[in-house]
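Below is one structure, written out as structure tokens; the observations come after it.
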Amino acid sequence: MQKETASLETVVSLGNVEKAANNLKGVIYKTPLMKNLWLSQTYDAEVYLKREDLQVVRSYKIRGAYNKLSTLTAEESGKEIVCSSAGNHAQGVAYACQLLGIKGYIFMPAQTPAQKVSKVRLFGKEWVEIVLTGATYDDTFKAAKDFCDERGSTFIPPFDDLAVIEGQATVGLEVFKEADFAIDYLFMPIGGGGLASGVSSVFKQLSPQTKLIGVQPLGAPSMYNSIKENRRQTLQTIDSFVDGAAVKCPGALTFEICRDLLDDIVLVPEGQVCEDILRMYNEEGVVLEPAGTLSISALKSFAEEIKGKNVVCVISGSNNDITRMEDIKERALRHQGLKHYFMVTFNQKPGALRTFVNRVLHPEDDIIHFQYIKKNNKEKGPVFIGVEVKQPQDVETIKARMREEGFAYEYLNGRQDFLNLFV
């Protein structure tokens, strides 16, 4: 990645990161840096995980939130505070409000998993009120800012704030101090960029040889696009599945720091994230949320490059609602090429379905979804069909046989908006 401006690591000074670490003593857990044998064997590298999924609020967000609230002026801390968050920053702010005795209003997107909402209530207790509003984080952010302006409250940003960044930077300080080896690669998830800004600032000053890689979901590439275009980009639409990293526009400060300090930034498909969530659970017994898995999912793109290297992945959170697991499994199977959906045009006459089953599908193919509404006085009718196959290449055989048998079809696996209505 070509750098076009001067380095900004001194914006986040090591002295202030050390102060943040002192502020956080007795508040957070010093999470372990653990070698993962399964990932190390998979990628023929020494892969270590910084386990922020084991943090007191099950994500690193408590670091920035508490550091920000603990450094407010007397005037600021005497007011109500307001924050907006997809979940993890909300939990961090709520817990900080309880510890510091500050009244807070927590704005969260309307579709936030129930598990995250209940955790905010648990950590904030009587000190916080929750407001569920907005379809995306950015909608929620606007509602929170308007509320804050109307009441003259103090807003606690989720990422674009120096005190928040310095709090998140303590993740990097802990990694550097605990590692008794030279770190070749460090992978970090990016939503708005607070964690990546803080950790990369620490490592550029203490371990400049380490390659710093930021990771975003393919469906929400705001920082990726901004860095490629060398200016902040606002996405018109995003896939909110990786909700902890689904941000339409990065912060102004975090953009500048990430642009200047990251060695690379990569995108990973949501399906790959789902695949890795399931693998980490099945192989390692580690429960991760989608955003918490991003750094692990990026390893596949660097498989050749990291062979024989020392690699650290920050796994940033484990606030995953168990009710999402069916959706996670569904997306993982589609990503692996084992589950496919079609809208097929059937002749409305006896025997059409028998022809499809006997002549199009292989005996080992499994119909997992079939939805057909017979239309009177019509020769043809649409059928929504889901098929699970044994090998990814089997779908091409199904397509070819449909054409041979005269079944017109539309392949729907890339139409997430459409599948959301049926699956």
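The values are calculated or read from the model by the stated rules, or taken from the named source; none is laboratory data. Because the structure is a prediction, the values reported are computed rather than measured. Every residue, glycine among them, receives a Cβ derived from its backbone with ideal geometry; neighbour counts consider all protein chains shown. What goes into the accessible areas is simple: the full protein's heavy atoms, side chains included, and nothing from ligands, DNA or RNA. Shrake-Rupley method; radii C 1.70, N 1.55, O 1.52, S 1.80 Å.
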How big is the equivalent ellipsoid of region 211-253 along its three axes, where each semi-axis is √(5λ) from the Cα gyration tensor, reported in whole Å from largest to smallest? 16, 13, 9
I'd like the distance separating the alpha-carbon centroids of region 349-423 and region 93-161, in whole Å. 45
Taking 7 Å along the Cα-to-C-beta vector as the label spot, tell me the SER118-ASP366 distance in nanometres, rounded to one decimal. 3.0
Once you have all Cα-Cα distances for region 34-112, histogram them in 5 Å bins from zero and send the whole-percent values. 3, 15, 20, 17, 12, 9, 9, 7, 5, 3, 1
DSSP-defined antiparallel bridges as percent of all bridges, the chain, nearest 5: 40
Using +1 at the C-beta of Lys and Arg and -1 at the C-beta of Asp and Glu, which of CYS97, LEU49, ASN319 has the Cα lying farthest in the positive direction of the dipole of the chain? ASN319
Mind listing the Cα extents of region 178-266 along all three principal axes, in Å, largest one first? 43, 25, 16
Any chance you could look up the accessible area of ARG232 with a 1.4 Å probe, heavy atoms only, rounded to 10 Å²? 110
In Å², what does the accessible area per residue of region 296-423 work out to with a 1.4 Å probe? 55
With Rg and the Kirkwood Rh both taken from Cα atoms, where does Rg over Rh land for region 307-423? 1.12
Using mean Cβ contacts within 10 Å as the protection proxy, how do 192-198, 68-74 order, highest first? 192-198, 68-74
Of the lysine pairs in region 70-148, how many meet both conditions: Cα atoms under 15 Å apart, and a spacing of 8 or more in sequence or different chains? 4
So how much slack lies between ARG403 and SER13, counting 0.36 nm per residue of separation and subtracting their Cα-Cα distance, in nm? 134.0 nm
Expressed as a whole-number percentage, the relative contact order of the chain with C-alpha contacts under 8 angstrom and at least six residues apart is 16
For region 97-140, the convex hull over Cα atoms projects on average to an area in nm² of 2.9
If packing is taken as the average number of other Cβ atoms within 10 Å across a peptide's residues, how do 89-97, 159-167 rank, most packed first? 89-97, 159-167
Regarding the chain, what are the three Cα extents along the principal axes, ordered largest first, in Å? 78, 53, 40
Where a Cα-Cα gap under 12 Å defines reach, which aspartates and glutamates qualify for LYS390, not counting those fewer than 8 residues away within the same chain? GLU364, ASP365, ASP366
Rounded, prolate or oblate: which one fits region 220-283, using the alpha carbon gyration tensor with axes a ≥ b ≥ c (rounded when a/c is under 1.5, else prolate when a/b beats b/c, else oblate)? prolate
CD proxy, 222 nm, the chain: helix-only mean residue ellipticity via -39,500 (n - 2.57) per DSSP H run with n ≥ 4, per residue, nearest 500, stands at -12000 deg cm²/dmol
Neighbour-limited loop hits for GluC sites (Glu not before Pro), region 295-373 (at most 12 other Cβ within 10 Å; DSSP other than H, G, I, E, B): GLU304, GLU364
Globularity ratio of region 1-141, using Cα Rg and 2.2 N^0.38 Å: 1.23
Nearest-20 debye value, region 178-312 charge dipole, Cβ charges on Lys, Arg, Asp, Glu: 480
Low-density loop positions, trypsin sites (Lys or Arg not before Pro), region 257-319 - DSSP coil, at most 15 other Cβ in 10 Å: LYS307
Nearest-20 debye value, region 1-107 charge dipole, Cβ charges on Lys, Arg, Asp, Glu: 300
Which three numbers, in whole Å and largest first, are the semi-axes of the equivalent ellipsoid of region 142-194 derived from its Cα gyration tensor as √(5λ)? 34, 12, 5
For region 53-153, dividing by residue count, accessible area per residue (probe 1.4 Å) in Å² works out to 39
Tell me the Kirkwood radius of region 228-366: reciprocal of the mean inverse pair distance over distinct alpha-carbon atoms, in Å. 18.4
Cα-based reach from LYS380 at 16 Å (exclusive), listing lysines while leaving out same-chain residues under 8 positions away: LYS349
Please list log₁₀ I(q)/I(0) at q = 0.12, 0.15, 0.20 Å⁻¹ for region 293-370, using the Debye equation with identical point scatterers on the alpha-carbon positions. -0.63, -0.79, -1.03
Once you put a point 7 Å from the Cα of GLN111 and another 7 Å from the Cα of ALA135, both along the Cβ direction, what distance in nm separates them? 0.9
Which parts of region 394-418 would a label at LYS380 reach, counting a residue when its backbone N lies under 14 Å from a point 7 Å out along Cα-to-Cβ? 402-411
On the accessible surface of region 18-83, probed at 1.4 Å, how many percent belong to carbon and sulfur atoms? 47
Among THR355, GLY78, PRO217, the residue whose Cα sits farthest towards the positive end of the charge dipole of the chain (+1 at Cβ of Lys and Arg, -1 at Cβ of Asp and Glu, taken about the Cα centre) is THR355
So what's the convex hull volume per residue for the Cα atoms of region 154-309, in Å³? 127
What would the Debye equation give as log₁₀ I(q)/I(0) for region 63-218 at q = 0.13 Å⁻¹, counting only Cα atoms as equal point scatterers? -0.63
